[in-house]
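Chemist: Below is the structure I would like to discuss, written out as structure tokens.
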Amino acid sequence: MAKVSVAQSVEQQPYKTYILEDETTNSRVAVIPERGGIVLTWFLGDLEVLYLDRERFADPALSIRGGVPILFPICGNMPEDTYQVDSQTYKLGQHGFARNLPWTVTSQEDGETASLTVELSADASTLSSYPFEFRVRYTYVVQGNSLEIRQVYHNGSDRPMPFSFGFHPYFYVGDKSQLSFEIPATEWQDKASGETRSFSGAFDFNEPELDMALYPLSGQVATVTDGARSCKLILEYDRCFSTLVFWTLNGKDFYCLEPWSAPRNAINTGKNLSTLAPGESLETSVKMTVERI
């Protein structure tokens, strides 16, 4: 049996929190629509799947470092945060605005799965930085030991709408040296230098920071095995996700493995950029599964 319940924020903040639970696996996912539609926490029994910096979360002025932040209508950053549409210049901050805005709950369901649907639409504030009448709808689905994010992107404008989209999940880890990876990529691009280098499947966690865009991808599944905690993460994503970004900081108990539809600055370069015709929609999905080993 799976169910959805509503509670005060699990972090004792004044936000309505939707709890999606699967009783058969004791999987429990907390979603806060008001704070960027974010999946804030995920527990599988006593196993903490997602990392959360609770001090940053307590400050609404700061971006949330933890959970599963949403990236839309861009992924990553752009030079001087600027881009052009029809000879007009616009500004967008890193990862776009969706992670900072309140989302609206449109439906919830109990039964074999627990699901919650949230929606974000264009308004005066978004049109000033992104001149398109978009509508984005996500359905979070908890079933067994999996969390699926079903997505619909819609262009309500009278002209083609360029965009990229993705997620920035923070996965909890205690000992990074006990992680092993299977990622369907043989190259990565360094954020700082822009250089493309070969990827052997391992990461140097002695570096102060790792920020690596892995593409092209040869498959739609990536796995991370955590030997210290005896669990395995399986990340599945549709073909429209062209890039996996790996990010971590030395001394912090997280790593991020982020499915992006396009690399950073795609709205300027056009690389793997998605474009919807007027009235057109795109449906896609990302699924995270945690197995105990």
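Chemist: Averaged per residue, what accessible area in Å² does segment 212-293 show with a 1.4 Å probe, protein chains only?
Modeler: Ligands and nucleic acids excluded, the result is 40 Å² per residue.
Chemist: Per residue, how much accessible area does segment 56-104 have with a 1.4 Å probe, in Å²?
Modeler: Result: 45 Å² of accessible area for each residue.
Chemist: Multiply the residue gap between Asp204 and Asn77 by 0.36 nm, knock off their C-alpha separation, and tell me the result in nm, one decimal place.
Modeler: Using 0.36 nm per residue and subtracting the Cα-Cα distance, I get 43.3 nm.
Chemist: What list of ³J(HN,Hα) values in whole Hz, one per residue of segment 188-202 in order, does the Karplus curve 6.51 cos²θ - 1.76 cosθ + 1.60 (θ = phi - 60°) give from phi, with Gly and Pro shown as x?
Modeler: Along segment 188-202, the couplings run 9, 10, 6, 5, 5, 9, x, 6, 9, 10, 6, 10, 9, x, 10 Hz.
Chemist: How many Å³ per residue does the convex hull of the Cα positions in segment 142-235 occupy?
Modeler: 155 Å³
Chemist: Still on this model: Per residue, how much space in cubic angstrom lies within the convex hull of the C-alpha atoms of the chain?
Modeler: Considering the Cα atoms of the chain, their hull volume per residue is 130 Å³.
Chemist: Give me the mean projected area, in nm² to one decimal, of the convex hull enclosing the Cα positions of segment 1-124.
Modeler: The number I arrive at for segment 1-124 is 9.2 nm².
Chemist: Rounded to a whole number, what % of the accessible area of the chain do carbon and sulfur atoms account for, probe 1.4 Å?
Modeler: Here it works out to 43 percent.
Chemist: So what's segment 57-150 giving for Cα Rg divided by 2.2 N^0.38 Å, two decimals?
Modeler: For segment 57-150, the normalised Cα radius of gyration is 1.27.
Chemist: Provide, for q = 0.25, 0.29 Å⁻¹, the log10 of I(q)/I(0) from a solvent-free Debye sum over equal Cα point scatterers in segment 32-85.
Modeler: -1.05, -1.17
Chemist: As a test of the definition: which semi-axes, in Å, follow for segment 186-293 when you take the square root of five times each eigenvalue of its alpha carbon gyration tensor? Largest first, please.
Modeler: Values for segment 186-293, descending: 26, 20, 11 Å.
Chemist: While we're here: Give me, ordered by chain and number, the residues 5 or more places off Asn77 or on other chains with an amide H under 5 Å from its own placed amide H.
Modeler: His95, Asn265
Chemist: Separate question: Pull up all non-local amide H partners of Phe254: gap of 5 or more, or a different chain, and H-to-H distance under 5 Å with H placed in the peptide plane.
Modeler: The answer is Val173, Leu249.
Chemist: Turning to a different aspect of this structure: Whole-Å semi-axes of segment 112-184's equivalent ellipsoid, largest first, each the root of 5 times a Cα gyration tensor eigenvalue?
Modeler: 32, 18, 11
Chemist: What is the chain's relative contact order, in percent, from Cα pairs under 8 angstrom and six or more apart in sequence?
Modeler: Taking the mean separation of contacting Cα pairs over the length of the chain, I get 18 percent.
Chemist: Report the paramagnetic label zone for Arg159: residues of segment 40-73 whose backbone N is under 20 Å from a point 7 Å from Cα along the Cα-to-Cβ axis.
Modeler: The answer is 73, whose backbone nitrogens lie closer than 20 Å to the label point.
Chemist: Just subtract the alpha-carbon distance of Asp53 and Thr106 from 0.36 nm times their residue separation and send over the number in nm, one decimal.
Modeler: 16.2 nm
Chemist: Counting only helical runs of four or more DSSP H residues, what would the 222 nm mean residue ellipticity of the chain come to if each run contributes -39,500 (n - 2.57) and the total is spread over all its residues?
Modeler: -500 deg cm²/dmol
Chemist: Moving to a separate point now. Please sort by residue number the GluC sites (Glu not before Pro) in segment 192-263 whose DSSP state is loop and whose Cβ has at most 16 other Cβ atoms within 10 Å.
Modeler: Counting only loop positions with at most 16 other Cβ atoms within 10 Å, the GluC sites (Glu not before Pro) in segment 192-263 are Glu195.
Chemist: Now for a different question. Give me the number: length gained by fully extending Arg239 to Ala61, i.e. 0.36 nm times residue separation minus the C-alpha to C-alpha distance, one decimal in nm.
Modeler: Separation in residues times 0.36 nm, less the Cα-Cα distance, equals 60.6 nm.
Chemist: Shifting gears a bit: Taking the Cα centre of the chain as the origin and placing charges on Cβ (Lys, Arg +1; Asp, Glu -1), which of Ala277, Ile149, Tyr90 is farthest toward the positive end of the dipole?
Modeler: Ranked along the dipole, the leading option is Tyr90.
The values are calculated or read from the model by the stated rules, or taken from the named source; none is laboratory data. Note that the coordinates shown come from a computational prediction; the quantities given were computed from them, not determined experimentally. Because the Cβ atoms are built from the backbone with ideal geometry, glycine has one as well, and the counts that use them run over all protein chains shown. The area values use the complete protein model at the heavy-atom level, side chains included, leaving out ligands, DNA and RNA. Shrake-Rupley method; radii C 1.70, N 1.55, O 1.52, S 1.80 Å.
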